[in-house]
Every structure is written in C-alpha cells, then in structure tokens.
Amino acid sequence: MPCRPKKEAVMKFDEMGNRAGKTLMLLPGTCCDWQTNFANVLDPLSQKYHLICVNYDGFDGTGSIFPDMITVTEKIEDYIRRHYDGKIDGALGSSLGGSFVGQLIQRRQVHLDHGIFGSCDLDQSGKFSAGLQAKLVVPLLTGITASEKRKAFTRRILKNFFEMNDETADRFIACFSRFDPVSIRNEYYSDLLTWLQEDISVEHTIAHFIFAEKMGMKYFRRYQKYFHNPDIRAFPMQHEQWIFGDEKYRTPVLKVIDEFMETPV
C-alpha cells in the first residue's frame, strides 16, 4: 500500500500572468513540478491567462510526501472554493495532471468551464496490477540519475523521442533526483487506482483533449469512453511533445487551447 505523510502538508499554489484574463489552472504530470513541466509554454500562457500553477505535496520542495490522488484533489478543490468561490474558467492537466482534471469534473465539488487534457493516458487498474506496475516502473524512474551513463542514455531517449533540446532534457531528468521515491511511488500507484466513470457529463463543462496521434487510437477511444461528447483535437506528435519538443508542435496546440477557452459553455 502507498505510504501517507504523518502530518497534513500545505500544498503550494502560485498565481501569475494576466490578472485580467480568464483563470487557467496548470496541473503537472508524473514526478514533475509546474516549473519543469510548463517551462516552455509558461510565457505565452501568462500573456493571455491568469495562471494558477499547482505543485502537489511531495513535489514542491518542502520535504512533504505525496499522499494519494483523492487527498490532493480535495486540496485543489478547497483552494478553488476559498479563492474563486468554487469556479474557475479552465484547468489544463499535463499527462497525469489530466487525472486531476477528470476528478475535478467528475466529483462536481467545484466547477470548471473547460477541462483540458494534455495527451493523457488515463490508465486505470486494480490493486494487484497497480502494485506490480509500481514495483517495475518506479525503480526505473528513480534510477535515472544513479550514474552519468544512465543520465546520458535517458537524455538520448528524451531528445530522440520528444525532440527535447539539451536544456529541457536536463531539467526533466533533474526531477527524478529531486523528489522522494515514496512520493513518486504514491503518485504513480494511486493514479492507477483513481478511476473515472464512463460517459461523464456535467452541465456547462466541456472536456477538451489534445490527442497525440502517435500514442495510438486506443487513447482516442478512451477519451470518448470516459466523457460524453468530448472535444478532441488530433496532432501528429508523441505524448506531450508540444510541451517538451520543438516549436512546430507548440504553436498549433497553444492556438487550440485558446480556442478551447473561448468555446461557449
């Protein structure tokens, strides 16, 4: 079972950008803080939107431990209720961050006009499978920085697969040495156990998906399974390549995010 922190941690939310713009919450992916995950898109998003950037417990540099997906979701909901009367214009979840977007919509404790999923996999499994996957995957993630040889190998993969430049690749690799392995395991494990219902439909909320075609059509069908009449936009790229890769991917996706946020609800 995943470990829980001994005392309640205070999650970190940073606000920036265009205070006159629509509110857009940024939720990072697995083993990432928002500074790393959204570094390449923060400036253009800040020019248009009032950004609420989230660092989950365990990934905020305070020494806290990530508890589980639902506990963190409740903290996000509490922040939206206390600071925004329970309603924001949009939330953009990168990879695992999309699981939080899905929960915010499904749970109906706060309201989003626009839930934006950044080429998320939305994987779900039972406890046995989740535990087995965590035992296999988490050591691989935490072992990336064990030696210069491993770091160099990972850097090559990131540059070839995502078309990352050296700076982005090194920034991403650094996350795996900066965060507690317990937090990484808890996050990975509990994400698999945090299920979405099928055909989710919430009045005045639109689920938007940035579909990376090179991930495969099973993810396209998964988006259609979990959400009623989702707005899915396809791009010829790998998982989250628009955030980490070349400008040629980033520009059209940023344009579509603007379209998402302007869609009447």
Exercise for the section: Tell me, please, whether a residue that is acidic (Asp, Glu) and within 16 Å of CYS32 (Cβ to Cβ) can be found in the stretch 197-212. Expected result: no
Completion exercise
Listed by first then second residue, the pairs whose first member lies in the stretch 202-216 and is of a type in the set (Phe, Trp, Tyr), whose partner is in a loop (DSSP other than H, G, I, E, B), with beta carbons under 6 Å and at least 6 positions apart or on separate chains, are PHE209/PRO230
Practice task
For the stretch 200-221, indicate whether the set of residues that are in a helix (DSSP H, G or I), within 23 Å of THR71 (Cα to Cα), in contact with a Ser or Thr (Cβ under 9 Å, 6 or more places away or on another chain) and not small (Gly, Ala, Ser) is non-empty.
Solution key: no
Practice task
Filter the stretch 19-35 down to residues that are surrounded by fewer than 20 Cβ atoms within 10 Å (Cβ to Cβ) and either at pLDDT 95 or above or not polar (S, T, N, Q) (or both) and give me whichever is farthest from SER183 (Cα to Cα).
Solution key: ALA20
Completion exercise
Within the stretch 141-181, residues under 28 Å from ARG250 (Cα atoms), exposed (fewer than 15 other Cβ atoms within 10 Å of the Cβ) and of a type in the set (A, V, I, L, M) come out as ALA152, ILE157, ALA174
Exercise for the section: Taking the residues in the stretch 240-252 that are over 10 Å from MET164 (Cα atoms) and surrounded by fewer than 21 Cβ atoms within 10 Å (Cβ to Cβ) as candidates, determine which candidate is modelled with the lowest pLDDT. Expected result: GLU247
Problem - Only one of SER147, SER129, SER119 that is under 29 Å from GLU74 (Cβ atoms), hydroxyl-bearing (Ser, Thr, Tyr) and at pLDDT below 90 - result: SER119
Practice task
Looking for whichever is among the aromatic types (Phe, Trp, Tyr), at pLDDT 95 or above and more than 29 Å from LEU132 (Cβ to Cβ) here; the options are PHE260, PHE227, PHE211, PHE220. Which one fits?
Solution key: PHE260
Completion exercise
Apart from one, (1) more than 24 Å from LEU42 (Cα to Cα); (2) surrounded by fewer than 17 Cβ atoms within 10 Å (Cβ to Cβ); (3) touching a residue at least 60 places away in the same chain (Cβ under 8 Å); (4) of a type outside the set (Ser, Thr, Tyr) all hold for ASN186; the odd one out is (2)
Fill in the blank from the handout: Within the stretch 159-196, the residues that are closer than 22 Å to LYS135 by Cβ, in a helix (DSSP H, G or I), among the polar types (S, T, N, Q) and within 18 Å of the chain's Cα centre (by Cα) are SER183, ASN186, SER190
Practice task
Among the helices (runs of 4 or more DSSP H) lying completely within the stretch 26-118, list those that include at least 2 residues that are farther than 20 Å from TYR223 by Cβ and of a type in the set (A, V, I, L, M, F, W, C).
Solution key: 42-48, 69-84
Handout entry: Considering residues of the stretch 119-158 that are among the charged types (D, E, K, R) and under 21 Å from the mean Cα position of the chain (by Cα) only, the residue nearest to ILE243 (Cα to Cα)
Key = ASP121
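The values are calculated or read from the model by the stated rules, or taken from the named source; none is laboratory data. Values in this document were obtained by computation on a predicted structure and should not be read as measured data. Ideal geometry is used to build each Cβ from the backbone, glycine not excepted, and the neighbour counts take in all protein chains shown.
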